[in-house]
1. Does region B:102-116 contain at least one residue that is of a type in the set (A, V, I, L, M), away from chain A (no Cβ under 14 Å), in a loop (DSSP other than H, G, I, E, B) and open to solvent by 30 Å² or more (accessible area, probe 1.4 Å)?
2. Could you tell me whether B:Asp208 is free of Cβ contacts under 8 Å to residues at least 60 places away in the same chain and more than 12 Å from every other protein chain (Cβ to nearest Cβ)?
3. Suppose we filter B:Ala173, B:Ala161, B:Ala169 for residues that are touching a helix residue (DSSP H, G or I) at 6+ places or on another chain (Cβ under 8 Å) and within 14 Å of another protein chain (Cβ to nearest Cβ); which single one remains?
4. Any residue that is surrounded by fewer than 18 Cβ atoms within 10 Å (Cβ to Cβ) and within 8 Å of chain B (Cβ to nearest Cβ) - is there at least one of those in region A:74-81?
5. Please indicate, with yes or no, whether at least one residue in region B:53-60 is of a type in the set (Val, Ile, Thr) and more than 16 Å from the ligand (Cβ to nearest atom).
6. Sort out which residues of region B:29-45 are assigned to a loop (DSSP other than H, G, I, E, B) and surrounded by fewer than 20 Cβ atoms within 10 Å (Cβ to Cβ), and write them in order of number.
7. Which residues, counting only those in region B:222-248, are farther than 20 Å from B:Ala200 by Cβ and either among the basic types (Lys, Arg) or surrounded by 24 or more Cβ atoms within 10 Å (Cβ to Cβ) (or both)?
8. I'm told B:Trp164 meets every condition in (1) farther than 20 Å from B:Met1 by Cα; (2) outside any helix (DSSP H, G or I) except one. Can you identify the failing condition by its number?
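The values are calculated or read from the model by the stated rules, or taken from the named source; none is laboratory data. In this text the structure is predicted, and so the values were computed from the model without any measurement. Note that we place each Cβ from the backbone using ideal geometry, even for glycine, and neighbour counts take in every protein chain shown. Keep in mind that these areas ignore ligands, DNA and RNA; they rest on the heavy atoms of the full protein, side chains included. Shrake-Rupley method; radii C 1.70, N 1.55, O 1.52, S 1.80 Å.
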Amino acid sequence: MNPQLKGVEQLGGTYLFDLATSARALRLNRFLHGFTVPANRALFKEDPEAAFDKAGLSAEERRMVRELDWAALMRYGASFFCLEKLGRVKGVSNPEMVAGFRGESLEEFLKTRNVPGAR
Amino acid sequence: MAKILGGIGTSHVPTIGGAYDRNKQNDPDWAPLFRGYEPVKAWLAQRKPDVLVFFYNDHATTFFFDHYPTFALGVGAEYAIADEGLGRRAVPPLKGHVGLARHMADALVNDEFDISVFQDLPIDHGVHSPLTMFWPPSPDWPGKIVPIEINVLQHPIPTPARCWKLGQAVRRAVLSYPEDLKVVIVGTGGLSHQMNGERAGFNNEKWDRKFLDLIARDPRKLVAMRHADYIRLGGTEGAEEIMWLAMRGALSPRARKIHQNYYLPMTTAMAVALFEEPDAKPAPRKARSARKTRRNGARASA
Ligand SMILES: [Fe+2]
């Protein structure tokens, strides 16, 4: 184990993105990273199934992306920074994604913030 | 010879650039953020650096996990603003200082810091989100940059101590550049935030304020900490604070923090701190020769 990270396993609700996670979710993250290219965004908006086919996503990967199941995507190994690109394509803000990770609604999450309007 | 005027530590959340792009300076939700950058903007406008050297992290935008560089130095003349899923921000491409960057590549590698290099890759909000707050284009950028990417996304990420040493090596590299350039070092990222899991949304203002104190007063304490400490205290993305350590490592021990701002509206603590080297201010004529003697003495013992 990486000695720099010893103790992190005791923190609840924390998913470290390490080489094992990276390898496990490489295909999904590559698909999400692809949203930095306008043509990939266009295909996904027009025909999501064709975009999934092109990326060779599994049935479970497709379901999570289709339903924007943020918590499941995170557990599966998606990098937040790749998910962020999916968020932008679907018009979902970071606070809304964070609420999803926490199992809260956006409204519930905003109640815990200092300046809920700063979005 | 090139000289270092000072340093800036700053958060780089995309919403900082977004607030600038949407002209939110008079919106009460955003005004405290804008106000916090005013002294930094004024200092840069007065000191007029030629180059900002940036320690920043990419966000799986320029680089992907098929090859994620631990440290990468930009040596290009121009960097496009990266498309992060929404198209590009309406700001000009960043201008790179090729001469300094190539010199830094030589100096770092010969100093046994075997950094990888990149040319004309697009750069994401890790650099330009805060940049518009203190060095806005009007219409073009006031100067050039040298970007240094640090991996904080995929563990193992470089240790705090290694980032500190990178900063020191960058200092040696910049100060050995023969051209008379004025350089400011910037470290971007943090402060406390976590963007994954049920712990997402974690912040720790008490730790953030301690970090802002230690980075100026006793950075060695921060250098000695492990990533597990940073993650426990500041959340998984609090690890971005190692870019501040690289920036601080590139300054002299005599650099003083002359301004800071802290604002925590949503999920990320947005902080900025300005450090000034004692030489930066032109001294009055008669004080100058005395100060020069002292400075040379300090250099000889360094
Ligand atoms: Fe970041």
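1. No: zero hits.
2. Answer is no for this residue.
3. None of the other options fit; the residue is B:Ala161.
4. The answer is no, given that none of the residues of region A:74-81 is surrounded by fewer than 18 Cβ atoms within 10 Å (Cβ to Cβ) and within 8 Å of chain B (Cβ to nearest Cβ).
5. For region B:53-60, residues of a type in the set (Val, Ile, Thr) and more than 16 Å from the ligand (Cβ to nearest atom): present.
6. Within region B:29-45, just B:Asp29 meets the criteria.
7. The answer is B:Arg226, B:Ile242, B:Met243, B:Trp244, B:Leu245, B:Ala246, B:Met247, B:Arg248.
8. Among (1) farther than 20 Å from B:Met1 by Cα; (2) outside any helix (DSSP H, G or I), the lone unmet condition for B:Trp164 is (2).
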